[in-house]
Every structure is written in C-alpha cells, then in structure tokens.
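Taking it in order: structure first as structure tokens, then the write-up.
Please treat every number below as a calculation from the coordinates, not as lab data. The shown structure was predicted, so the numbers you read here are calculated from the model rather than taken from an experiment. Don't worry about glycine lacking a Cβ; one is built from the backbone with ideal geometry, like all the others, and counts go over all protein chains shown.
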Amino acid sequence: MSLLPALMPAPPVFLLPAALASAPAPARLAFVEFFAASLANANTRAAYLRDVQRFCAWCERAGCDLMSATPLDLAAYREELRRTVSPASVKRHFSALRRLYAWWVERGIRDVNPVREVKTERITRTEGKTPALDTDDMHRLFESFNLKSLVGLRDRAIIGVMAYTVARVEAVVSLRVRDYATHGRRALIQFREKGGKERGIPVHHRLAEYLDQYVEAAALAGEKDSPLFRAAIYRTRKLSTAPLSRVAAWRMIQRRLRDADIQGAFGCHSFRATGITTLLENGASLEVAQWLAGHADSRTTKLYDRRDQRAALEDLERIRY
C-alpha cells in the first residue's frame, strides 16, 4: 500500500485514506504529491492533512465518492462541520479541500473543482482570541523556576524568549546555539520564521541573563550547530542532544503555569499577546510592535492588543451590588 513520505510532521508516515482505495493510481499519486511537494510549511501540512482525513472519513460514512464529489456533497459536509467546529475551522477545512481539488484539476484528474462553488461564512475579526497574561502573572511565573535545575534554567529561557521577543514557538524551538550571539555591544537572536523570513531581534537585558545562565549551565557555548533548546531525558533532569519539539514546549508551559498557580487557558501564543500588549501599554508605537511581531499588516498586530480588554475589566469592576 502506498505511503506518504516521511516529511509529514505528524504522523511522519501514514497510509492513504480508505476513501482513496478505489481511486485511479494517478489520483493517489497526486494526493501524495499535494502534501509532500505543494505545502512547504510543516504546520499547514499537518493541519490540512487532518482536515482532509476528516472529509475522507465523512465520505465513507455518507457513501460519497471522494473523486466524484459534487458541490452538493461539499455543502452537506459544510453543514455537518458547522455543528461541531468554529466558523474559522470550517474555513480552514474548506481551504484544505479547495487546494487539494485544485491540485487534482491541474493534473487533469478532475475537470472542475467542486469546492469553489461552496461558500463559507465570512469572518471579520477586530480582536484575537489568544489570552494574555498580566504583569503580576508574568512576575510570578519567572519567580517560580528552580534555578538549581538545568531544566528549570532551560524552561525559563524558553519562556523568556517568547515573552521578550514575541516569537512564535516554532521559531523558538528551531533555534541553534549560533543563533544567539553578541554583535558589538548588543546581543541578537536570529530567528527563522513563517514564510522563510530570517530576522535578527535585539535581546532584552533580562532575557540575556536568562540565556547566558542557561547556555553556561548546559555547556553549549562550543556547540554552535546544535539545538539551543534541547529535550529532557525523561525524568532525569538531564538534557539530550535532540531539539525540544513544539508539542513538548506546550506541555512544559502548561506544567510551569500550574506550578506558578496561574489559572487560565494560556498557551505558547499567549506570550506573543502578552508581549505585544505590554509593549503598547508602556508607550511603544504600533509600528514597533508590528516590526517585533513580524507582521506585514498592522491590523494583524492589533489582534494581539489586549489593552481595551484590561481597561474594560477595570471599568466593569465599578459595577457593585
């Protein structure tokens, strides 16, 4: 049976969906090529794979032929999705399907793309959903680390990078030792971000302390090409030579938030919202925040600004009964 190449992020190898079992060989090959060749971003590839697999499972249950699906079939699937997922998730599902069928059309496997005729709900967002931590929470979190532990120093440095540079977790766990270096009097972190962009971000003096203490304790200074943030070896409190994964970073953050007794649905992206909001609260311009976040449009940066929410909460506290 055909296998998708090992560059799939999660899982690394998977069997073709049963819905494709009776499809012509060119269609099966094009399916593999779509994920292996046309989607450069690993996170997009993983998300699209989950979405397409869900549609394939629906086709099996509904008795729909994947290769001859019509706009009516896609409309029925859209209505089922609407009952279980958010409008944004519906749009992402249909983006994955639209691109897959377009790939089949380009290769002459299908004559038309049935997804193009199916409309999804238009979404206009004026603020994002990612929650931000407040200043007291951040202070309590940074004070909670056991600095006699190498893992504690690593975790403080990871969270520090996300909080002080507002970098995405994928860029943080991809850092190499050489990416943190001093240029003249200023330390810089060289990030590789979405879309293949590379950017050097100046390092806050407090973050420099966190990173320097971790690098020294882990004896990483002479290993320029090795991962900056390494995975722990089970419960030994020792670090391996393998890089920390994005999922492991999320789990670490959940554990650290619990240890600091910080309640809320916070995750890796929360430090991005926290950093941007704090930057703007302390007088930085939106343009500076946009540059730091690496956004092409300032409207995207505004989605992470929680100043209005914090001000509204202070006013709502005036309601007393």
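Some values worked out for this structure:
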| read-out | value |
| --- | --- |
| Footprinting exposure proxy for TYR214, TYR234 (fewest neighbouring C-beta atoms within 10 Å first) | TYR234, TYR214 |
| Stretchable slack from GLN53 to ALA36, in nm (0.36 nm times residue separation minus alpha-carbon distance) | 4.6 nm |
| Cα centre as origin, Lys/Arg/Asp/Glu Cβ charges: segment 135-315 dipole, Debye | 700 debye |
| Length-normalised contact order for the chain - Cα pairs under 8 Å, 6+ apart - percent | 15 percent |
| Where Cα atoms sit under 30 Å apart: lysine pairs in the chain separated by 8 or more or lying on different chains | 18 |
| Order of LEU280, LEU244, LEU72 under a 10 Å beta carbon neighbour criterion, fewest first | LEU72, LEU280, LEU244 |
| Candidates per trypsin sites (Lys or Arg not before Pro) in segment 163-229, loop by DSSP, up to 13 other Cβ within 10 Å | ARG185, LYS197, LYS224 |
| Order of TRP103, TRP250 - criterion: other Cβ atoms within 10 Å of each residue's Cβ, fewest first | TRP250, TRP103 |
| Percent of Cα pairs exceeding the 28 Å cut-off, where the set is the chain | 52 percent |
| Computed magnitude of the charge dipole of segment 76-228 (debye, nearest 20; Cβ of K, R +1, Cβ of D, E -1) | 720 debye |
| Paired Rg and Dmax values of segment 18-117, which use every Cα atom, in angstrom | 12.7, 35 |
| Debye log10 I(q)/I(0) for segment 135-315, one point scatterer per Cα, at q = 0.09, 0.12, 0.16, 0.19 Å⁻¹ | -0.31, -0.56, -1.01, -1.41 |
